[in-house]
1. Per residue of region 65-70, what does 6.51 cos²θ - 1.76 cosθ + 1.60 with θ = phi - 60° give for ³J(HN,Hα)? Whole Hz please, x for Gly and Pro, Karplus curve as stated.
2. Residue by residue through region 81-97, which ³J(HN,Hα) values in whole Hz follow from phi under the Karplus form 6.51 cos²θ - 1.76 cosθ + 1.60 (θ = phi - 60°), with glycine and proline marked x?
3. Please arrange F40, F50 by counting, for each residue, the other beta carbons lying within 10 Å of its beta carbon, fewest first.
4. Quote the Stokes-Einstein diffusion coefficient, in whole µm² s⁻¹, for region 2-99, based on the Kirkwood radius over alpha carbon pairs, a temperature of 37 °C and a viscosity of 0.692 mPa s.
Amino acid sequence: MLFAIGFVSLFVSGGLSGLFLAQPSLDLYLHDAYFVVAHFHLIMGVAAIFGMFAGVYFWFPKMFGRFLNEGIGKVHFWITFIGVYGIFMPCITWGWLDIRGAILILLQWHTSRSCSRSMFSSALRHSLQSERSSSSCLT
């Protein structure tokens, strides 16, 4: 029952964000931002998965004649529910702040690239220094 209520909660949250995307003046601002990503994933991805979990928890005892552990089911629900909102609510905030998805990915790529570049250069510098010191010992 918790997953069914969670499905309704996610669908309402995603539906309310869809009202903003239905307005052309706001959609121009929110287009290509993380707001659209969060809206799509709340509706199409996570709400559907919550519906599947609700179905599994409802039909499993009827199909196999064994009840699932209710305590583990509640823990599963709360971890998943809080985790989903913890992931996608910042995306909605980033969308309102006009943080574009491609820009954030590009910044992460550039940061990781410069980090790997500095690690590579320090490793190369270290290997060259050790090579010089070992060659001086041989002569």
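The numbers here are math on the coordinates, done by the rules we state, and not lab data. As the structure is a prediction and not an experimental result, all values here were calculated from the model. All Cβ positions, glycine included, derive from the backbone under ideal geometry; neighbour counts span all protein chains shown.
1. x, 10, 7, 7, 5, 5
2. 5, 5, x, 5, 5, x, 7, 8, 5, x, 5, 5, 5, 4, x, 5, 7
3. Going from sparsest to densest Cβ surroundings: F40, F50.
4. Values: Rh = 14.5 Å.
Using the Kirkwood radius from Cα pairs, D works out to 226 µm²/s.
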